[in-house]
1. In the stretch 274-315, if every C-alpha pair distance is counted and binned at 10 Å from zero, what percent goes to each bin?
2. Treating the stretch 363-486 as a set of equal point scatterers at the Cα positions, no solvent, please give the Debye-formula log₁₀ I(q)/I(0) at q = 0.10, 0.11, 0.18 Å⁻¹.
3. If you restrict to DSSP beta bridges whose two residues both lie in the chain, what percentage is antiparallel, to the nearest 5?
4. Among the lysines, which have Cα under 25 Å from the Cα of K482 when same-chain residues fewer than 8 positions away are ignored?
5. Which trypsin sites (Lys or Arg not before Pro) in the stretch 303-346 sit in a loop by DSSP (not H, G, I, E or B) and have at most 14 other Cβ atoms within 10 Å of their own Cβ?
6. In whole Hz, with x marking every Gly and Pro, tabulate ³J(HN,Hα) for the stretch 262-279 from phi via Karplus 6.51 cos²θ - 1.76 cosθ + 1.60, θ = phi - 60°.
7. Take the eigenvalues of the Cα gyration tensor for the stretch 207-309, scale each by 5, and report the square roots as semi-axes in whole Å, largest first.
8. How high is the relative contact order of the stretch 271-419? Use alpha-carbon pairs under 8 Å, at least six apart in sequence, and give a whole percent.
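Please treat every number below as a calculation from the coordinates, not as lab data. Keep in mind it's a predicted model, so treat the numbers as computed, not measured. Reconstructed Cβ throughout: ideal geometry from the backbone, glycine too, with neighbour counts over all protein chains shown.
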Amino acid sequence: MSDAAMQSDVVVVGCGIAGLAAAVAAQQGGARVIVLERAPEDERGGNTRYTGAWLRMKSVDEVSDDFTEHFAVNAGGYLDPSLVHETSKDRGNWPPNLRAMSFADPEVVATFAEEAPKTLNWLQGFGVRFEKLEVPFLTSVQPRMAPHGGGFALVEALATAFGKKGGIIHYSTAAQSLIQNDDGAVTGVRATGPRNKPLEYRGKTVILGCGGFEGNAEMMSRYLGPRSLFLRSMSKGCHYNKGEGIAMALAIGAAPCGDFGSFHASPMDPRSDRAGPSIYIYPQGILVNQNGQRFVDEGPGPTDETYEGVTREINAQPGGIAYAILDTTLAKVAHPESVVRSEVPPYQSDTLAGLAEQLKMPPDALEATVAAYNHACVPGHYDEATMDGLATRGITPRKSNWARPITQAPFIAYPIISSIVLTFGGLRVTPQAQVVNQQGDVIPGLYAAGETMGLYYRNYTGATSVLKGAVFGRIAGMDAAKANRV
Ligand SMILES: Cc1cc2nc3c(=O)[nH]c(=O)nc-3n(C[C@H](O)[C@H](O)[C@H](O)COP(=O)(O)OP(=O)(O)OC[C@H]3O[C@@H](n4cnc5c(N)ncnc54)[C@H](O)[C@@H]3O)c2cc1C
């Protein structure tokens, strides 16, 4: 062991909700725990630090009705039915290929749903308070819960509890690769400390809670393609997540899981310098690209279920940008500050041509698009709180709900790009958060939680990422402490 080596029972990589839940749970289980965090202390906590942390929960004690179903519907691609059939067997009898398969493992999802209430109750023990949240737009399921003070409150509560019990967080220290013994068990990590100092941390187990690869330009291009250039991080926290947790485990044979070619997309105002400046007002008006043309159904269904798909369409437009065009009457909604979270005022003009000039798009194209859209609007009952079915007629693309003409000056526009909130690709784990190799066997001593474990495909199951970090971080910490005792 080098001079710089550090020894503990459990080495946790990352200091967001996944890493901190793991660290505190392992500590409670009697283990000595070290946490490595790439960020300096005043920026610790990754994406968790910046999120409002909506939770797909009806109450502290119950997940939302569609919780497991949403994962099942988005479980993967066209899965091999013969393998899916095997999931009905006892897990001990699953064939190796199934244990290593990339899909939303129903047992992992079942554990997630079962443990979520216990985890929130556990978090309350650290002074976290959960509140019912009135979601400002139409959702497919009940209102969500959120911790008072958002993700920042979670980071502060857990980091404080960890520190009070003697836990040490090594800041500005980034894990780079895993150390294994001759039996293939993971026994530590190699890391880079301040001033590029090489360090080795040894432990009986390593828990990877170090986010996805949003902050790694090379991995982004490799997995998400060249258009990832047009994505902007949802928060500064993304920049610390450079994918080493995933890469270092794949390098020792871990199985991948989650949709590596996709990510959670959210519509954002590119002019804002806030975390999460989402623009959810576009269903009230229309979306046009830089050429002044519509390209998508702006009201296909409940906003929480559809904004990701709409945002992907925006990203596919020239320059990865679109503009929500409304008039001032249409922009009057019940919760304006919640559906427009940007601090930057919209572009505004008394004429559509004037608006187009500000947006650097052909004025005649915007005028023609709005005229065609207005012509396709029909009289009917408008209701922003329901899918009112007030649809356009005879125009492509159709707008399926909330279609009212854009007529009353002044006209306004919000620019919208796709943000990247989190990457979907990660590591295959068991319901105990143990990382599995490509042969379907557990890699002894290695756990993953949060964004580092893969579970999402197609359409993100909204308001479950913080929860996933908390639930599987806690499970990993408890299991690692137990393993430490035997
Ligand atoms: C503005 C915003 C709003 C959001 N809204 C919601 C929401 O309402 N509900 C929801 O569920 N999700 C939401 N999300 C997503 C959610 O915040 C994250 O997916 C979740 O917090 C991830 O937790 P994590 O612990 O896995 O990763 P993170 O919180 O990102 O933590 C990862 C940690 O690992 C550290 N790290 C990375 N690499 C290394 C390394 N090699 N060595 C050491 N440390 C490393 C990072 O510095 C960071 O501290 C939102 C995100 C943002 C930005």
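1. Calculated P(r), rounded to whole percents: 26, 58, 16.
2. Here log10 of I(q) over I(0) equals -0.60, -0.64, -0.98.
3. 70
4. Counting by Cα, and skipping residues close in sequence, K482 has these lysines nearby: K118, K164, K165, K204, K468.
5. K332
6. 9, 6, 7, 9, 9, x, 9, 7, x, 7, 7, 10, 7, 7, x, x, 6, 10
7. Over the Cα atoms of the stretch 207-309, the ellipsoid semi-axes are 30, 15, 14 Å.
8. Computed over the stretch 271-419, the figure is 35 percent.
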